[in-house]
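The values are calculated or read from the model by the stated rules, or taken from the named source; none is laboratory data. Keep in mind that what you see is a predicted model, and the values were worked out from it rather than measured. With ideal geometry, Cβ positions are generated from the backbone for all residues, glycine too; neighbour counts draw on all protein chains shown.
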Amino acid sequence: MSRVMLILPELSEGGVERHVVSLSRELCALGCWVTVVSAGGQLVSELAGGVKHIEMPVHRKNLRTIISCARKLADVAVGGGIQIIHAHSRVPAWIALLMKKLTGIKLVCTAHARYSLNYALLPFRASDGVICVSRSVRDYLSNWLPMRSSVDVIYNPKPDNAETWTGSSYPVKRLLYLGRLTKIKGPMVLIDALGTIGGTGWVLDVVGDGPMLNDLMRRAGDLGIADKVFFHGRRDDAEKWISRCDLFLFPSLDEGMSLSLIEGLSAGAPLLASDIPSVREITNGFGLIKPGDSAAWAARIEDYLWRPASADGLEMTVKLPSQREMAQAVLNFYEGLLS
């Protein structure tokens, strides 16, 4: 039975956050003692009953805060018999590395994205093992990872509660964006693309929250499509939105391995996606669109409005794990390091 401490910046909207919630729940079900450390957020309430949560400012890029958090958590880890410190994201990785220096506890880092290649990644190289969420992430970060024998690729899981896509019953086509509202996710690309299409026959549902919300609302107003773009905020029923949309849009500029993409593919929804490495890695690559090119996105969306079948064909070609299988693979990785 492993005693594990998972550290991530915060438990708000986002793929890393949902990944950790799922992982902590499943590790607990597999018999582990799990402690999650974050700066808090609305997803804290979704942690399993057996998971302990510690709120601490582990998201701050401040040296004094990093050192203070590391010292406090080192005492908690030693007192709680923690065997594995598992960091998600770069600031928590620095905190976890200092904890390792203070306690000698094994350190695991998960690389969720193709991060900037700089010295912020030193904790990854100094860790006892790194889990990458895709081969494209592993290959991109290869010079910043420890020995290859200490690196593994464990894909994000397919949803356990996926609903089969049925489409909407609305008189116009319901387009769907699902994800955090940040630049790297590409929501502004969609707004700009739809602003050039204009006309009737479509609406866009934006499901998610993030720092770009006001900018996106303002841009939709400037382009004259504010009455066709609906911002619904963060929702807990993503699978229902996917099953009842007419077209799922995935405009990310870059991704490690997107949970929302996996959810759309698992449901069988018609899908237009950016041509980025992680998408090519798990799909047949049918009809992918140049990331960030709003004109190309506009052309493909407009083509779909006239010929809905033009969005068919993108399929998943990799067998992804269930949530339990993903957690079991992570637990096996821990046990390999401990042995």
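Looking only at residues in the stretch 1-12 that are under 20 Å from Leu181 (Cβ atoms) and touching a strand residue (DSSP E or B) at 6+ places or on another chain (Cβ under 6 Å), the one that is surrounded by the most Cβ atoms within 10 Å (Cβ to Cβ) is Leu8.
Select from the stretch 194-216 the residues that are under 23 Å from Ser168 (Cβ atoms) and either under 22 Å from the mean Cα position of the chain (by Cα) or not small (Gly, Ala, Ser) (or both) and list them in ascending order. Selection gives Leu194, Ile197, Thr200, Trp202, Val203, Leu204, Asp205, Val206, Val207, Gly208, Asp209, Leu216.
I want to confirm something. Restricting to the stretch 237-275 and keeping residues that are assigned to a helix (DSSP H, G or I) and among the acidic types (Asp, Glu), which single residue is nearest to Val133 (Cα to Cα)? Of everything passing the filter in the stretch 237-275, Glu263 is nearest to Val133 (Cα to Cα).
Restricting attention to the stretch 197-216, the residues being modelled with pLDDT of 95 or more and over 22 Å from Leu261 (Cβ atoms) number 2. Evaluated against (1) over 21 Å from Ile154 (Cα atoms); (2) surrounded by fewer than 17 Cβ atoms within 10 Å (Cβ to Cβ); (3) among the small types (Gly, Ala, Ser), Gly31 falls short on exactly one condition, (1). Give the residues of the stretch 207-235 that are part of a loop (DSSP other than H, G, I, E, B) and free of Cβ contacts under 8 Å to residues at least 40 places away in the same chain, sorted by residue number. Within the stretch 207-235, Pro211, Met212, Leu223, Gly224, Ile225, Arg235 qualify. Residues in the stretch 67-81 that are among the basic types (Lys, Arg) and either in contact with an Asp or Glu (Cβ under 9 Å, 6 or more places away or on another chain) or within 12 Å of Val4 (Cα to Cα) (or both): there are none.
Considering Gly15, Gly41, the condition of being modelled with pLDDT under 95, crowded, with 21+ Cβ neighbours inside 10 Å and within 28 Å of Thr182 (Cβ to Cβ) is satisfied by Gly15 alone. Residues in the stretch 298-335 that are more than 21 Å from Leu259 (Cα to Cα) and either assigned to a loop (DSSP other than H, G, I, E, B) or touching a residue at least 60 places away in the same chain (Cβ under 8 Å) (or both): Ala298, Ile301, Glu302, Tyr304, Leu305, Arg307, Pro308, Phe333, Tyr334, Glu335. Inspect the stretch 174-187 for any residue being basic (Lys, Arg), part of a strand (DSSP E or B) and within 30 Å of Ser322 (Cα to Cα) and give the result as yes or no. Yes, that holds for at least one residue. Selection of the stretch 139-162 for residues being crowded, with 19+ Cβ neighbours inside 10 Å and among the aliphatic types (A, V, I, L, M) yields Leu141, Leu145, Val151, Ile154. Looking across Asp205, Asp215, one residue alone is over 21 Å from Ala269 (Cα atoms), acidic (Asp, Glu) and surrounded by fewer than 23 Cβ atoms within 10 Å (Cβ to Cβ). It is Asp215.
Screening the candidates Arg148, Arg138 for the property of being of a type in the set (Lys, Arg) and in contact with a Leu (Cβ under 8 Å, 6 or more places away or on another chain) yields one hit, Arg138.
Any idea which residue in the stretch 95-138 is nearest to the chain's Cα centre (by Cα), counting only those that are closer than 20 Å to Gly15 by Cβ and surrounded by fewer than 16 Cβ atoms within 10 Å (Cβ to Cβ)? Ranking the qualifying residues of the stretch 95-138, first place goes to Ser116.
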